[in-house]
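Asker: Have a look at the structure that comes next, please.
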Amino acid sequence: MSTVVAQALHVFGLRPHVTNNVFFFDEQIIIFPSGNHCVKYNIDQKWQKFIAGSDKSQGMLALAISPNRRYLAISETVQEKPAVTIYELSSIPCRKRKVLNNFDFQVQKFTSMAFSPDSKYLLTQTSPPDSNLVYWLWEKQKVMAIIKADSQNNPIYQVSISSQDNSQVCITGSGVFKLLRFAEGTLKQINFQRGESSNYLAHAWVSEDRVIVGTDTGKLFLFESGDQRWETSIMVKESTSSRSLEVIQESESLIEFPPLSSPVSSVERMDITTNTQQQAMPQVFAIAAYSKGFACSAGPGRVLLFEKVEEKDFYRESREIRIPTDQQSNDPSQSDKQDVLCLCFSPSEETLIASTNKNQLYSITMSLTEISKGEAAHFEYLLYPLHSASITGLDTCIRKPLIATCSLDRSVRIWNYESNTLELYKEYQEEAYTVSLHPSGHYIVVGFADKLRLMNLLIDDIRPFKEYSVRGCKECSFSNGGHLFAAVNGNVIHIFTTTSLENINILKGHTGKIRSLVWNLDDSKLVSAGTDGAVYEWNLSTGKRETECVLKSCSYNSVTTSPDAKVIFAVGSDQTLKEISDSLILREIPAFDVIYTSITISHSGRMIFVGTSVGTIRAMKYPLSLQKEYNEYQAHAGPVMKMLLTFDDQFLLTVGEDGCLFTWKVFDKDGRGIKREREVGFAEEVLVTKTDMEEKAQIMLELKTRVEELKMENEYQLRLKDMNYTEKIKELTDKFIQEMESLKTKNQVLKTEKEKQDISHRERLEELVDKQTRELQDLECCNNQKLLLEYEKYQELQLKSQRMQEEYEKQLRDNDETKSQALEELTEFYEAKLQEKTGLLEEAQEDVRQQLREFEETKKQIEEDEDREIQDIKTKYERKLRDEKESNLRLKGETGIMRKKFSSLQKEIEERTNDIELLKSEQMKLQGIIRSLEKDIQGLKREIQERDETIQDKEKRIYDLKKKNQELEKFKFVLDYKIKELKKQIEPRENEIKVMKEQIQEMEAELERFHKQNTQLELNITELLQKLRATDQEMRKEQQKERDLEALVRRFKTDLHNCVAYIQEPGLLKEKIRGLFEKYVQRADMVEIAGLNSDLQQEYARQREHLERNLATLKKKVIKEGELHRTDYVRIMQENVSLIKEINELRRELKLTRSQIYDLESALKVSKKTRSQEVPESVISKDVVGSTSTMRLNEQEETGRIIEMQRLEIRRLRDQIQEQEQVPGFHTIAGVRLPSIVDSDVDFEVHTK
């Protein structure tokens, strides 16, 4: 077994054509079939648990749940044999309780089943032509009763057992309605059909002996004990009113509390119906009963609720529930026209669930139907809108947890595998065949029947922005980087770019339809596989095939590559998994009698998953084993169409022909495929168009204004209400005050009455207490007297018991004495008997001794007689012995003679056998030679036939080509004339073009000159800018200096002005002037700083000149090296040209030698034919031909080997040239071009093939 494990996590899908395909397990959990599983789904918590189908199961046909909700019965076809498996739902996980698969009667499949009320019995119905109704005691696998349901082989749609009686059974079908009773080991019919038989589609028990039955003509019947009690017809209204169905006829009815049931139509009933009948008369496919009445389907998209009229004997229609229209559908008016196949109520009757023929599940809460009494209520999706047909495309992205699927139901859906929800979906006019998600999750490519569309995934829509005219695209795939995507058109692959949205490459080579595409990790290569048995690896840079592996006996279904792109894994119709590397099949792993339809490999390269044609998936570890080392899991009810792993190798996604999408959790027990940790979480961005944003902004503004208006209105209304309420409160307060006063008066009256009653009650109590005391005293006296009497009786009884005890003791003593006496008497009697018997024994022993004596005497006499007889016989046989010895001697002589004769004959026989063996070996050799010659003759005949066929084909081609040549010559004559005329028109234009080209060349030269000037000017500009910056800095410094000096001058002026005030006082004036001198004359260092700045600028200019000189020398060195490289490149090119010329010459010589060999072979064959006609034994000529053919093969192999070596050398040289070209500053010489070797390669491949 493999260590790779997959666990089913979630499924999106429903199987519709399973009888009774949805029901409640409890109030929150429902069970429904999906793929090859039964799913337990919690409506509130949204989790799913799976009950897998049986191994090698071909799909489920019918389900049934027991009334106690403990057991689930599943009807399946396992290896083309019917089986009924019963699971125990109470155990976790659900386990198989019983399997019914051994039958004593003919059965193809079980189409309907039902449990009895006590869950002990199971009723099953088989399909025509047997149509057996079987009543099982399922726990013991015992058939209690069996009966043929219908002798005319009409299909039976539903069987059921009464909800309160194990013995009552009902079956309905095409022209069949029978009520049966189980009694005395048989099922007996208790009703008899009267009048015309209808096509009864569904029924439900409403009590112990009453059944509601629906037909394909919209009629409902109530039967009680086989007799019809009530009938009504449902007709479609043509009016435009909200109600479209109307009850027309009614008759007597009788109803009680019904059971929970969910009958459903089978697959066959869909074949019976026609569109005209559906429009005219609604068909009742499903009926479910509940406490108030019953619900029934009433035509496409309609469910009616009927309730019993109280104290009357009929039902009336109470509600109508519709399936809502789907706005995402391509035809919303027809989206609700779905047939409801199954209905079921929850145990509390709070929820009603319906399943339809388009794989959808709907639910509605019954309280909502009661609220909307006037109008029709609408169902809601229980899960999400699911696919209703085969899923054809599947893809996922890297940046978001999204899954994209497309289906033949013309829809594209986007799922979220992290939250298990449906993000987007849209239906189209055409069928969608394939889908691919961009790695970012923002774009999607879908291949439709008419076009290939590239679309945006918006927040609430899937909107196309580019269409390509690629019809019927069955495969498409984005590259891992997202910059390219490939699309298949029949046997051609188109490569598009997502930047310019153009077709950049077309890959041709397949002869059959391409079924699978896969990119390698760096998007440099693309691998394709098709129905023509070819697996090609394409190089996208050249657009050519790099490797190829063709096996015409296999039609490939899917292909994938290892993470390093060295190994290709392919699966197809030959029931094997192939490992392909370098155009060779390394290994073929058998699939063990199934066809693999799809394959995927983990990004770690350790886990491989394959899907099969029977719907299972297999998990394998890599490297693969030739043994059955894999885990197989039940998945789909049809072939697995696509499968892939998410980018982090955590989840496996599979889709099938049954329209289901499964998500699986995968891991390796060995821990090899450990989860790849995401460096960045999933993206949350979404695309929104500008118009949508503007519309939403406009809507928001309108809504804001509306809210403000509503606020104003509400405030006004509130004020009005406040005023009204204040008035009402005043009125009520007045009323309450009046009432309170009246109540107070009443209270006082009641209080007085209460006091009176209290007094009377006290008096009564006192009287009662007195009475009670008196009665107690009387009772005590009576009881005392009784006690005394009882005590006296007790004493008397005690005395009696003592007397009785004494009497019994006496009796015991007497009994002991009698017993001892009887024992003594018995011992004496038996001792006397013993003595008698011993005497008899002694007498018998004496008799025995006497008989022994007599026996010995007789023995002696007999021995003597025997001795005499023995002596007589001895003498007689001695005589005979002598005679025999004499005859023996005579015979010995004869045998000696015969032995000599025999030995001589044996030698002759051995010689003959040796001769025969030699002849046989010669014969075998000759036969081998004959066989080899016959094989050679047959091979030569085949060659002759093939050559004749090829000659005929070539002659036909030559004839066709001659005809085409004649036609083409006609066209040539016409076209030559046109060409001459066009040349006349073109010549002046060509002259103009030459002139323009010369102008362009001149302009290009001018452009180059301008570019050089621009570069020089840019350098000058940079220099000037640097100088400008330096001057700016100097200017700022000078300005700062100027500001400082101005400030100093201002301060000096102020101080001088202050000194002038002391002009009349010389002493003070002198001191102030000395202070000024000390203050201002000591700042002479500012001049030195200015001198330093000028020195720095000179040093900067000197260093800059030095760097410019270095740069000029480096440029000259680069130019010299470029010239050297250019000379090397020219030399290599010349060598390559000479080598290619030599190769072409060798190929011409090879062609000549081949033509000579071909002529020699044809001459040899002609001579061989003539010799075979003249001489029949032409073994020598065969040897000559064989030797020439071997010589020819050896020559071909040698030439092929030489050419292959030369080709490899040319590739190596070209790679070197490409590397040289990538060196900066090195350019190819214009005009020098290598001669192409494509034509010669093609010729060589044709000859070798």
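Asker: Return the residues of region 393-415 that are open to solvent by 20 Å² or more (accessible area, probe 1.4 Å), under 21 Å from L452 (Cβ atoms) and either of a type in the set (F, W, Y) or part of a loop (DSSP other than H, G, I, E, B) (or both); say none if nothing qualifies.
Answerer: Hits for region 393-415 are L408, D409, R410.
Asker: Just a yes or no: is a residue in region 528-535 in contact (Cβ under 8 Å) with a residue 12 or more places away in the chain and of a type in the set (D, E, K, R)?
Answerer: The answer is yes; a qualifying residue exists.
Asker: Right, next: Taking region 208-232 on its own, how many of its residues are of a type in the set (S, T, N, Q) and either part of a strand (DSSP E or B) or touching a Phe, Trp or Tyr at 6+ places or on another chain (Cβ under 7 Å) (or both)?
Answerer: The total comes to 3.
Asker: Checking I506 against (1) open to solvent by 60 Å² or more (accessible area, probe 1.4 Å); (2) in a strand (DSSP E or B); (3) closer than 29 Å to W415 by Cβ, only one condition comes out false. Which one?
Answerer: With (1) open to solvent by 60 Å² or more (accessible area, probe 1.4 Å); (2) in a strand (DSSP E or B); (3) closer than 29 Å to W415 by Cβ applied to I506, the lone miss is (3).
Asker: Let me ask you something else. Considering only strands (runs of 3 or more DSSP E) fully contained in region 581-636, which possess at least 1 residues that are in contact (Cβ under 8 Å) with a residue 24 or more places away in the chain, aromatic (F, W, Y) and farther than 16 Å from F662 by Cβ?
Answerer: The qualifying strands (runs of 3 or more DSSP E) are 596-601.
Asker: Run D564 past the list (1) at pLDDT 90 or above; (2) over 15 Å from E475 (Cβ atoms) and report the number of the one that doesn't hold.
Answerer: Against the list (1) at pLDDT 90 or above; (2) over 15 Å from E475 (Cβ atoms), D564 comes up short only on (1).
Asker: Looking at region 638-648, which of its residues are open to solvent by 30 Å² or more (accessible area, probe 1.4 Å) and either part of a loop (DSSP other than H, G, I, E, B) or without any contact (Cβ under 8 Å) to a residue 40 or more places away in the chain (or both)?
Answerer: Those that are open to solvent by 30 Å² or more (accessible area, probe 1.4 Å) and either part of a loop (DSSP other than H, G, I, E, B) or without any contact (Cβ under 8 Å) to a residue 40 or more places away in the chain (or both): P639, F647.
Asker: Related question: Run down L889, L905, L919, L926 and say which single residue is out of contact with any Leu (no Cβ under 7 Å at 6 or more places or on another chain), of a type in the set (A, V, I, L, M, F, W, C) and at pLDDT below 85.
Answerer: After ruling out the rest, the residue left standing is L889.
Asker: Here is a follow-up. Would you be able to tell me the number of residues in region 337-358 that are within 29 Å of the chain's Cα centre (by Cα), among the hydroxyl-bearing types (S, T, Y) and surrounded by fewer than 21 Cβ atoms within 10 Å (Cβ to Cβ)?
Answerer: Number satisfying all stated conditions: 0.
Asker: Another question about this same structure. Just the residues that are out of contact with any strand residue (DSSP E or B) (no Cβ under 7 Å at 6 or more places or on another chain) and under 28 Å from L424 (Cα atoms), please, taken from region 287-344.
Answerer: If the condition is that a residue be out of contact with any strand residue (DSSP E or B) (no Cβ under 7 Å at 6 or more places or on another chain) and under 28 Å from L424 (Cα atoms), then P300, T325, D326, Q327, D331, P332, S333, Q334, S335, K337 are the ones that fit.
Asker: If the requirement is being over 22 Å from R302 (Cα atoms), within 47 Å of the chain's Cα centre (by Cα) and touching a residue at least 12 places away in the same chain (Cβ under 8 Å), which of these qualifies: S197, S225?
Answerer: S197
Asker: Please pick out the residue among E418, E423 that is in contact (Cβ under 8 Å) with a residue 40 or more places away in the chain and either open to solvent by 20 Å² or more (accessible area, probe 1.4 Å) or over 15 Å from the mean Cα position of the chain (by Cα) (or both).
Answerer: E418
Asker: It is to be established whether one or more residues within region 3-23 are assigned by the TED database to the domain that holds L122, open to solvent by 10 Å² or more (accessible area, probe 1.4 Å) and farther than 26 Å from S390 by Cα.
Answerer: Looking through region 3-23, none of the residues is assigned by the TED database to the domain that holds L122, open to solvent by 10 Å² or more (accessible area, probe 1.4 Å) and farther than 26 Å from S390 by Cα.
Yes or no, residue by residue, for (1) of a type in the set (S, T, Y); (2) over 23 Å from Y622 (Cβ atoms); (3) surrounded by 18 or more Cβ atoms within 10 Å (Cβ to Cβ):
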{"residue": "V488", "(1), (2), (3)": "no, yes, yes"}
{"residue": "V492", "(1), (2), (3)": "no, yes, no"}
{"residue": "I495", "(1), (2), (3)": "no, yes, yes"}
{"residue": "L517", "(1), (2), (3)": "no, no, yes"}
{"residue": "G533", "(1), (2), (3)": "no, yes, yes"}
{"residue": "N539", "(1), (2), (3)": "no, yes, no"}
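Asker: Tell me yes or no: at least one residue of region 447-459 is free of Cβ contacts under 8 Å to residues at least 24 places away in the same chain, open to solvent by 40 Å² or more (accessible area, probe 1.4 Å) and in contact with a strand residue (DSSP E or B) (Cβ under 6 Å, 6 or more places away or on another chain).
Answerer: There is at least one residue in region 447-459 that is free of Cβ contacts under 8 Å to residues at least 24 places away in the same chain, open to solvent by 40 Å² or more (accessible area, probe 1.4 Å) and in contact with a strand residue (DSSP E or B) (Cβ under 6 Å, 6 or more places away or on another chain).
Asker: While we're looking at this one, here's another question. Looking at (1) in contact with a His (Cβ under 7 Å, 6 or more places away or on another chain); (2) surrounded by fewer than 20 Cβ atoms within 10 Å (Cβ to Cβ), which one does Q575 not meet, given that it meets all the others?
Answerer: Answer for Q575: the failing condition is (1).
Asker: Pick from E76, E139, E88, E80: which is at positive phi and acidic (D, E)?
Answerer: Testing whether each residue is at positive phi and acidic (D, E) leaves just E80.
Asker: Have a look at L1024, L1017, L1076 and point out the one that is at pLDDT below 85 and either surrounded by 11 or more Cβ atoms within 10 Å (Cβ to Cβ) or in a helix (DSSP H, G or I) (or both).
Answerer: Just a single option satisfies the conditions, and that option is L1076.
Asker: Next question. Restricting attention to region 364-392, report how many residues are under 24 Å from K292 (Cβ atoms), touching a residue at least 24 places away in the same chain (Cβ under 8 Å) and assigned to a strand (DSSP E or B).
Answerer: So the count comes out to 4.
Asker: Since E475 meets every condition but one in (1) open to solvent by less than 40 Å² (accessible area, probe 1.4 Å); (2) free of Cβ contacts under 8 Å to residues at least 60 places away in the same chain; (3) over 19 Å from D409 (Cα atoms), which condition does it not meet?
Answerer: (3)
Asker: In region 1108-1125, how many are open to solvent by 70 Å² or more (accessible area, probe 1.4 Å) and either at pLDDT below 80 or in contact with a strand residue (DSSP E or B) (Cβ under 6 Å, 6 or more places away or on another chain) (or both)?
Answerer: So the count comes out to 1.
Asker: So L586 fits all but one of (1) open to solvent by less than 10 Å² (accessible area, probe 1.4 Å); (2) out of contact with any Ser or Thr (no Cβ under 9 Å at 6 or more places or on another chain); what number is the exception?
Answerer: (1)
Asker: If you don't mind, there's one more thing I want to ask. Can you confirm whether G214 is modelled with pLDDT of 85 or more and over 21 Å from Q168 (Cβ atoms)?
Answerer: no
Asker: Kindly provide the set of residues from region 18-59 that are touching a Leu at 6+ places or on another chain (Cβ under 8 Å), part of a loop (DSSP other than H, G, I, E, B) and farther than 23 Å from Y633 by Cα, ordered by number.
Answerer: Of everything in region 18-59, those that are touching a Leu at 6+ places or on another chain (Cβ under 8 Å), part of a loop (DSSP other than H, G, I, E, B) and farther than 23 Å from Y633 by Cα turn out to be N20, V22, F25, I43.
Asker: Out of curiosity, is S112 outside any strand (DSSP E or B) and open to solvent by less than 10 Å² (accessible area, probe 1.4 Å)?
Answerer: In short, no.
Asker: Please specify each residue of region 166-191 satisfying the condition of being at pLDDT below 90 and closer than 17 Å to I65 by Cα.
Answerer: Listed by number, the list holds a single entry, N166.
Asker: Is region 556-566 home to any residue that is in contact with a His (Cβ under 9 Å, 6 or more places away or on another chain), more than 17 Å from V488 (Cα to Cα) and of a type in the set (G, A, S)?
Answerer: There is no residue in region 556-566 that is in contact with a His (Cβ under 9 Å, 6 or more places away or on another chain), more than 17 Å from V488 (Cα to Cα) and of a type in the set (G, A, S).
The values are calculated or read from the model by the stated rules, or taken from the named source; none is laboratory data. Everything quoted here is computed from the prediction, not taken from an experiment. Note that each Cβ is placed from the backbone with ideal geometry, even for glycine, and that neighbours are counted across all protein chains shown. All accessible areas refer to the heavy atoms of the entire protein, side chains included, with ligands and DNA or RNA removed. Shrake-Rupley method; radii C 1.70, N 1.55, O 1.52, S 1.80 Å.
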